[in-house]
Amino acid sequence: MEKLAFRFDSQPVVRAANPALCGVVGSGNLEILVQPGAEPEVCALSIQTSARGFAETWWAVLGSFAASHAAGGTVIAINDMGATPAVVTLRLAQALADYQGGAQ
């Protein structure tokens, strides 16, 4: 397993719900937990992944997500079992929408 951590500037999220959990680990998928963070304009992400050596890919996918979605003020934990970048982006959007009470 590889553990990664990233921080990105992002517009503040409008929180409407409790922490949100989305997805299931296993069979090439991942789960994402979105919780409130201490810094309103920072999205902090931690990743635990079975696919070693993809830090640059994770950085690119997560940076793009933080730039295109209001995710500031969150701490996001990702448990990955080899999901593709498209699945990561989809699950992040779903988890953020759940965190916002389905308002995305």
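Readers should treat all values here as calculations from the given coordinates under stated rules, not as data from a laboratory. For clarity, every value in this text was computed on a predicted model and none was experimentally measured.
Per residue of the stretch 35-46, in order, report the coupling 6.51 cos²θ - 1.76 cosθ + 1.60 (Karplus, θ = phi - 60°) as ³J(HN,Hα) in whole Hz, putting x for Gly and Pro.
So the Karplus estimates, Gly and Pro as x, are 10, x, x, 8, 10, x, 10, 10, 9, 9, 10, 10 Hz.
What does the chain give for Rg and for Dmax, in Å, if only its C-alpha atoms count?
Every Cα atom of the chain included, Rg and Dmax give 12.4, 36 Å.
If you take every DSSP beta bridge fully contained in the stretch 14-81, what fraction is antiparallel? Give it as a percent rounded to 5.
60 percent
For ASN29, list long-range residues whose amide hydrogen, built 1.01 Å from N in the peptide plane, is under 5 Å from its own amide hydrogen.
Those lying under 5 Å, H to H, from ASN29 are MET81.
Residue by residue, what Karplus-based ³J(HN,Hα) values in Hz, rounded to whole numbers, does the stretch 49-64 have, using 6.51, -1.76 and 1.60 with θ = phi - 60° and x for Gly and Pro?
Karplus-based 3J(HN,Hα) across the stretch 49-64 equals 9, 7, 8, 7, x, 10, 4, 5, 5, 4, 4, 5, 5, 6, x, 5 Hz.
Each residue of the stretch 84-94 in turn: what ³J(HN,Hα) in whole Hz from Karplus with 6.51, -1.76, 1.60 and θ = phi - 60°, glycine and Pro shown as x?
Those phi angles translate into 6, x, 5, 5, 4, 4, 4, 5, 4, 5, 5 Hz.
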